[in-house]
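**Student:** There's a structure below that I have some questions on.
The values are calculated or read from the model by the stated rules, or taken from the named source; none is laboratory data. These numbers come from a predicted model, not from an experiment. Neighbour counts run over all protein chains shown; Cβ positions are idealised from the backbone, glycine included. Note: accessible area is taken over every heavy atom of the protein model, side chains too, but ligands, DNA and RNA are not part of it. Shrake-Rupley method; radii C 1.70, N 1.55, O 1.52, S 1.80 Å.
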Amino acid sequence: MRPEISDLSVRNWSLSRVFLAACIVVMGTATAIVGAWVSNRIENAVVQNSANSAALYMESIVSPLSQELAYGDRLSDQARRALDEIFMTQPMRDRIVSFKFWKQGGVIAHASDPTIIGRRFDPTDDLSRAWSGAISGSFEDLDHAESAAEAALGIPLLEVYSPIRELWSGEIIAVAEFYEKAEQLEVDMAKARRTSWLVVGSAFAASTIVLFSIVAIGDNTIRRQGRLLERRLKESEQMAEQNARLRSRVVEASERYATQTDRFLKKLGSELHDGPAQYLSLAALRLEAAFSDRHEKPAEAEEIQQSLQKSLAEIRALSRGLSAPDIDNLALIDVVKRAIEDHSEHSPLRPDVSLQGSQTIELSVSDKLCVFRFLQETLSNAARYAPNSRCTVICEAHNDRVVIHVNDDGPGFDPSDGKVLRDDGGQGLLGLRDRVESIGGRFEVRSSPGKGTSVTMILFPRKMSTS
């Protein structure tokens, strides 16, 4: 397994766990908030419903006896005795522990505790809502000054504020406050609280399980895809290694073929020079000797001798073209110089030479032959198509490559024209490209009409060393 693939799997698993933990924290926080909100809403609803029921029950009892408060801040003795008798009955005492009647401004008009009658207290929020016409209630909220006596009882109480309306006009003339025993309400609220938290908690647990399942499935998918990717990567690496070995073998075969071909051509050139060329030369000499004692040669003899001389010249030229110089033991700089010197023997073009980097790099025979043939062909093209141009040869030797540029400022051409065979059957740049690329190099041509030509060869010798 490649380290980066293994690290990726571990990183994905770590990210999955971090994501899951973050989601659980967020969902837990949201659950707590929602649970508290739902529980509070349920408690408020239960308290309000209980308050409404109690207020409706008490209104039917106290409203007729408290109509006198529409005309003053005190009840008559008869009305007070009637209210006291009602709240002192056994059923009412078992339910209501105390009561107060409020007038506007926080004044207590009547109460079960006679010590606070006529006193003024700061209105609470519940009292203010009652004066606005709404029934208001609170559970165990006994932290106000007027509720000190009720708080001292130490039992759960439902505090209810109910507006008292004038029978004929419906105007609020007072507010009745009473404290109802709420043991059962406390039980009901606890049950409602447990139920709400159970529902919210169950939803959170179900969501967590679903989320964990999604993350687990996603992690398993990532791991499965990671294993598949590892297999595909291993197969690709094996294929790449096989392709590299095959490419190396192809390059080696091409190098051997190029070396053998040049040696064969060199041998063929030598044989043409030493065989047919010598025989033609001997025939020309014999013909010359046969007619040396005559004043005039026959016309046929003159034509034969000229044909022999032309054939001899062509064979020698062909021999020189086929025979590459003996460059097996030459360094890169010497191969470059030798190619330029050979070109200069039969061409007036004199290129400027720039040698850069270490020129003592050891190259294989096929690389040296490629350098020689590259310079031979490009300089020949420059002399043929741009004889009056300024030509430059730049040889760069780096640690891992050899780069040779041949530039001229001649008329240039369309590079696509170099991808087809010439009319005379020569391969030109196409054959040169094949030679360079067959041994693993790169071949580049940059040119356009009227802007000169630049031909570049880049070789990557597999075994390079500097001295």
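**Student:** With the other protein chains left in place, how much accessible area per residue, in square angstrom, belongs to region 65-157 at a 1.4 angstrom probe? Numbers along the way, then the final one.
**Tutor:** Details: 4910 Å² over 93 residues.
Using a 1.4 Å probe on heavy atoms only, each residue of region 65-157 averages 53 Å².
**Student:** Using every Cα-Cα pair within region 136-191, state what percent have a distance larger than 13 Å.
**Tutor:** Above the 13 Å cut-off, region 136-191 has 64 percent of its Cα pairs.
**Student:** Among 33-42, 240-249, what's the highest-first ranking by average C-beta atoms within 10 angstrom per residue?
**Tutor:** Highest-to-lowest ranking by the protection proxy: 33-42, 240-249.
**Student:** Suppose R0 equals 51 Å; then what is the FRET efficiency for Asn220 and Ser416 from their Cβ-Cβ distance, rounded to the nearest 0.05?
**Tutor:** According to the calculation, E is roughly 0.40.
**Student:** In what sequence, highest mean first, do 142-154, 91-103 appear when ranked by Cβ atoms within 10 angstrom? Write down the numbers at each step before the final one.
**Tutor:** Details: 142-154: 14.2, 91-103: 17.5.
In descending order of packing, they fall as 91-103, 142-154.
**Student:** While we're here: When the Cα centres of region 127-186 and region 221-251 are compared, how far apart do they sit, in Å?
**Tutor:** 83 Å
**Student:** What distance in nm separates the two pseudo spin-label positions at Met239 and Thr208, each 7 Å out from Cα along the beta-carbon direction?
**Tutor:** In this crude label model, Met239 to Thr208 measures out at 4.7 nm.
**Student:** Something else: Which peptide among 340-346, 56-62 comes first, and what is the full order, when sorted by highest mean count of other Cβ atoms within 10 Å?
**Tutor:** 56-62, 340-346
**Student:** Can you bin every Cα-Cα distance in region 12-165 into 5 Å intervals starting at zero and give me the percent of pairs per bin, rounded to whole numbers?
**Tutor:** 1, 8, 14, 18, 18, 11, 6, 4, 4, 4, 3, 3, 2, 2, 1, 1, 0
**Student:** Here's something else I'd like to know. Need one number for region 86-202: average projected area of the convex hull over its C-alpha atoms, nm².
**Tutor:** Here the figure is 9.1 nm², rounded to one decimal.
**Student:** Between Val187 and Lys451, what is the label-point separation in nm under the 7 Å Cα-to-beta-carbon projection?
**Tutor:** Label-label distance for Lys451 and Val187, simple model: 9.9 nm.
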